[in-house]
Structures are given as structure tokens and as C-alpha cells.
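Right, one structure below, let's go through it.
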Amino acid sequence: MDTATEKDQARTRAFDPLLLSVLANRFDNICREMTNTLLRAGRSTVISVARDFSCSLVTADNRLLAAPESLPVHVFGSHLVTESMVRLHPVLEPGDAFLHNDPYDGNTHAADHTIIVPVIVDGVHLFSACAKAHQADCGNSLPTTYMPNARDVYEEGALIFPCVRIQQNYRDVDDIIRMCRSRIRAPEQWYGDYLAALGAARIGERGLLALVNKYGMETVKIFIEEWFDYSERRVADAISRLPTGRIVGHGKHDSTPALPDGVPIKVVVDIDAEAGRVVVDLRDNIDCVPAGLNQSAACAFNNAMTGVLNALSEDLPCNAGTFRRMKVLLRENCVVGIPKFPHSTSMATTNLADRLVSITHAAIADFADGHGLAEGGMSTGPGIAVISGHDDRRAGAEYVNELVLQSNGGPGSPFADGWLNYGTPVIAGMMYRDSVELDEQKYPILIRSLRILRDSAGAGTFRGAPGQEVIYGPRFGSMTVIYTIDGHSTPPRGVRGGRPASLASAERITVDGRRVPLPSVSLEVIWPGEWIVGTTNGGGGYGSPLERDPERVFADVVDGWVSPEAALEVYGVVLTESDGILALDTEATSERRAARRTVQTTDEVGNMPDETDHVVRN
């Protein structure tokens, strides 16, 4: 046994496991205090209601320590933004704070403003507290934070802050504040959101200083190493339960005006169960594209990791210790890799990001029964659009904000149906849906209806969650609505015999009540008396629909999520009706299913075309 191993084991024996648990929860609770601060203090509804932000704690040597209740797409790469800070600012002082949104140097995309506060203890940089929040506006050339057709960062137009000092000695650097106020729409709203993020990071700083003061720097340092080692052991054990082999997953982003052929995606996953390691290789993909869909390095890393973690135990710690056992291989100038300046990454946290997560965990599901997930819904259409205009209630003041009025259907899993509040694959249920009342109070919008779409979920032993429809319009004056829909022609697919889910779409309801289909990517100006309609994807199903518990199918029919016709034709469940009361005919269901199984074909279980039948076993 080498000396280093002996020292590690001695440290493990010496550190109290109860104290390990206490300190792990203390760090998590500091993060939760940061989250509560940002949620309650945010100005825009995308932050203060929809919760499109994340908080994390990172060690001074750039290892993710804690990020509970955060969006995976935001935080798994937190170490990349702090690496930028320590490289660009080798001298850090108490009272410093930095604004970082540079997608070419560790951030996710330009709309995610990240506030980083270095935590200095007795002159030593010990931690960094990070608060990342998606802005209502970031200075783009159009009133939206998502620019799918931008050929480069210049056409995108966002203000880029490459980890600049925004506070020194706890006071704002006014030059940076003035830049933002002069170039970001609704500047007072931006400034309120900035103060909320800054306050969250300072709350983190305060909590960390108090924790170190109570337990001592040496105890905290030992805890960090022991916590990472424990997390590594946990994930190694989880990986050991997967079969060893190579998996090749394929998928495709739908066509857009800038990319009429869409974007193919290939994910290669190598699992070494005995060694307890997983490698995800994204290098065999096309080069960066002249559009805003390119992944940033942070997003490519985050989303590949999310896809793998979705196939493992749900209670694993998510930190640098866990990540020791997982590696993501990227290459420069790759659409799902390291973007080459000035290619636009405006959509890096959506679209290809969602496809990347789903392709990864669905490929693992096809490879290993009892693991992974089907594909989740990924549309960011009118219900998750950026709206803008002028508010006549406030003397024509300009407004801009991203709506989060609806969710896509979550994917079926080996053990449960998909989540109704899933959001998208990169959100994974961690955001909230907007309050209709608060949206209508803050902005001149009227939400006419929001409903669940029957028969939109991918059928399966465990079905996906259904998609949703929202209809809204302006109360007075015109409203600009900018959205991008993926999943309008290639739906979320099912796995292991599960069926694909519904497609997403957009429509305009004219003044005379006609429904007019809209493009999948568009800027629409909606006038009073008109309405815009957005439908999201359902989630794909896991396992054959003929194996679903008939009682569950019956409950879905009663709830209005599945029609009696789909129950019969898709699930093979026979229902009877007497005096307006539905009942399950168990005997007829068993007979019908037995007959169906004898003639079941590949098409009936809903597999996608050959390009997505993608598992290779070694």
C-alpha cells in the first residue's frame, strides 16, 4: 500500500461520519439560503417566479462543492467560471465580486449573468460563491435572450462580460453598471435582478465565513477532501451496476431557417463497470454552425453529465468527487463542444442542450434495462417565449421578459411515469411555472387558457407526461413574441418498446377566430384581439404499453389524460360504460392484450426510424 493511500484511509477513519453529514448539509443549506434570497429579491418574473437561476459553492482550487436545488445545465460546470476568475484576477480581496457571462471562457451563454464572490478567510481564498441568473434581456439585437439564427456573436449582439470586477471593497464599479443600464432593455428591471444575484452571492459569503469560524479552517479542508472521496465511492458503486460496453446514440435537432437540414448529434458512451468509470465522447460531431445553436463548453459538459447521472441512482451527491468517475471529451470548433469565436452560442442552454441530455440517457436505457429514461419534451415555443412591447398602464414604459407558462412532458422511467412539471431535459423539474396572476399584473398580457393535451404523452409501461397548450395575447398595444421550437418534426422518442410523444407547434388565432399555423422559429407581433397558441411535447414512454398496469390506464382515462380510444388501441385496455360510469373490464383486457402480443410488430411499439435505433453492444 502506497503512502498516499495509507494517509487517505487514516483520514477517513479519523473524520467523524456524523460531522461529515452535518457539514455536507451545512454547505447545502448555505446554497439554499442563496437560492431563497435570489428568488425573493428578483425583479423579473423569469427569476422571481419561474426560478431560472442557480446557486453553487466552489472551492478555491475550482472544484464544485455544493449546488442543491439548482438547474444541472447551470451548475455542473461551475468550476469553469471560477477558473476564469482566478486566471484573470490572480489577486483577490475581500469585497470583490465579478460579473461573468462569456460563453467562450467557461460560462453557459450570454443571457446567464453569473456573479462570483471570492470568499477570503484570514487572507486565504477558500471558496467562491456563484449566483447565475438568466436575464430578461442581455442587450441582444432583438428583444430576446435567444437568437437561433444569429450567424455569429456580433449579429447576436449581447453584451459580453469576460469575468469583470463589478464590485470592489463591497462597492459597485459604476462604469460596469452604466454599461449595462445603457445597453440592456428595461434597465431598472436588470438592475433589480443584478442586486438580487449579488445579494445571493453575499449571503453565501456570509454563511461560509460563519461556518469556517465555527468549525475551523483545517476541519473544513479535511471535510472537503473526505466529502469528495465519499461522493466518488458512491458514484463508482452506482456505475458498477451498469453493464460494461460502448453505446452509440444518435439524434437530430429539427430544421430551422438558418439550418434547413437540422443538426445531427452523436453521443458515444463507454461504460467500464468494473473500474466504475464512464466516458462520454462528443468529438465525432459536425463543426460549429452559422447559427445560435452551438453549445458552449460549459453546456456540452453539463448536459453530457446530466444524461449520465439520469441513468444512475437519484440520490448521488453532485460535486467534483462524483465527477472524478465521469469524463466528457470535447473538441474545439464543434457544435456540441468548445465553440470557436465568434460562433454564436445564444441557444446553448436549450435546443441542442436538451437533445444532448435526452440522447444520452435514452441510449443508456436501450443498452441497460432498468436504467436511463425515455426522451423528454424539449419545445421552447410560445409558452416559453420572450415577450416585449410597451405598457400603456405605465406611460408606455418598455417591458421585456421570458415567459415560463408551460412545461413539456417528462420522460417515462423504469419505475415511474414522467413528471408533469418537467420543463425541459436541462431543467429537469427544477424551475417553476409562472403564476398567471403575477404575469398579468406585471406585464400587459392576458392568458386565456392553459390545459393538458389528451393523448400527447408517449405510451409505455411507464408513460411520459402529457404536453400542454397555452393561449395568450396582449391586453392593449402590440406584443412581440419570439420563440424557437424543437420537437416540431422529430418528437421525443420512447425506449424499450415505449412510444414517441406528441409534436410541438405554434398557431395564431386571428380576430375572426381562425387558427393559422406559425413557423417553428419566429418573431410574431400579436395585436389586441389576436392570440398566440403554443403546444409543447409530451414525454416518451418507457417499455411496451401492453405491459402497463390496466388500473393506471383506467386512472389516466378518468383524469382525461388518455382517451378511451387510445386506451383500447394503444394500451389494449377494454373499458365499459354503464349509465355514464366507466369501468375496467379486466378479463377482456387480458384477452385483447394476449392477442395483440402475438401480432406485435416493431412499428406497433413505436420505435423511431433507423437513424435513432442506436445501441451498439460490445
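Determine the sum of side-chain charges near S456: Lys and Arg each +1, Asp and Glu each -1, restricted to other residues whose C-beta is under 15 angstrom from that of S456. After counting each charged neighbour, the total is -2.
Inter-label distance, A583 to V436: 3.7 nm, where each label sits 7 Å from its Cα along the C-beta direction.
A straight Cα-to-Cα reach below 30 Å connects K327 with the lysines K7, K132, K221, K252, K266, K340, residues fewer than 8 places away in its own chain not being considered.
Carbon-plus-sulfur accessible fraction, region 86-206 (probe radius 1.4 Å, protein heavy atoms only): 53%. Averaged per residue, the chain has 38 square angstrom of accessible surface, using a 1.4 angstrom probe with ligands and nucleic acids left out.
The label-point distance for M217 and K327, in a model that sets each label 7 Å from Cα toward Cβ, rounds to 3.4 nm.
Computed extension length for S313-A14: 104.8 nm, one decimal, from 0.36 nm per residue of separation with the Cα-Cα distance subtracted.
Could you estimate the translational diffusion coefficient of region 282-371 from the Stokes-Einstein equation, with Rh from the Kirkwood formula over C-alpha pairs, at 20 °C and 1.002 mPa s, in whole µm²/s?
Values: Rh = 13.6 Å.
In µm²/s, the coefficient is 158.
A simple charge model with +1 on the Cβ of Lys and Arg, -1 on the Cβ of Asp and Glu and nothing else charged puts the dipole of region 199-316 at about 300 debye relative to its Cα centre. Note that region 519-571 shows a convex hull volume over its alpha carbon atoms of 133 Å³ per residue.
Calculated FRET efficiency, D152 to A210, Cβ-Cβ distance, R0 = 45 Å: about 0.45 to the nearest 0.05. Subtracting the Cα-Cα distance of H390 and N25 from their residue separation scaled by 0.36 nm leaves 126.9 nm. On the principal axes of its alpha carbon atoms, region 1-158 extends 60, 32, 32 Å, with the longest extent given first. As a length-normalised measure over Cα pairs under 8 Å and 6 or more apart, the relative contact order of region 17-121 settles at 17 percent. Rounded to the nearest Hz, the phi-derived 3J(HN,Hα) couplings of region 470-487 under the Karplus curve 6.51 cos²θ - 1.76 cosθ + 1.60 (θ = phi - 60°) are 10, 10, 8, x, x, 7, 7, x, 7, 10, 8, 10, 10, 8, 9, 10, 9, x, where x marks glycine and proline. When restricted to Cα atoms, region 469-612 yields an Rg and a Dmax of 19.8, 60 Å, respectively.
Take the Cα of R181, step 7 Å toward its Cβ, do the same at Q168, and the gap between the two points is 1.9 nm. Shown in residue order for region 515-523 are the 3J(HN,Hα) couplings computed by the Karplus curve 6.51 cos²θ - 1.76 cosθ + 1.60 at θ = phi - 60°: 9, 10, x, 10, x, 6, 10, 6, 10 Hz (x for Gly and Pro). When a 1.4 Å probe is rolled over the protein heavy atoms, the share of accessible surface on region 277-389 that falls to carbon and sulfur comes to 51 percent.
Carbon and sulfur together cover what percent of the accessible area of region 455-571 at a 1.4 Å probe radius? Before the final figure, lay out the partial values.
Working: 2110 of 3850 Å².
Looking at region 455-571 in its full context, I get 55 percent from C and S.
The simple Förster model, with R0 at 60 Å and r as the Cβ-Cβ distance, assigns W527 and R241 a FRET efficiency of 0.60. Shape summary of region 384-508, radius of gyration then Dmax from alpha carbon positions: 16.5, 57 Å. Hydrodynamic radius of region 150-308 by the Kirkwood approach over all distinct alpha-carbon pairs: 20.7 Å.
The values are calculated or read from the model by the stated rules, or taken from the named source; none is laboratory data. Remember, predicted model here, so these are calculated numbers, not experimental data. With ideal geometry, Cβ positions are generated from the backbone for all residues, glycine too; neighbour counts draw on all protein chains shown. Areas reflect the complete protein model, heavy atoms only, side chains present, ligands, DNA and RNA absent. Shrake-Rupley method; radii C 1.70, N 1.55, O 1.52, S 1.80 Å.
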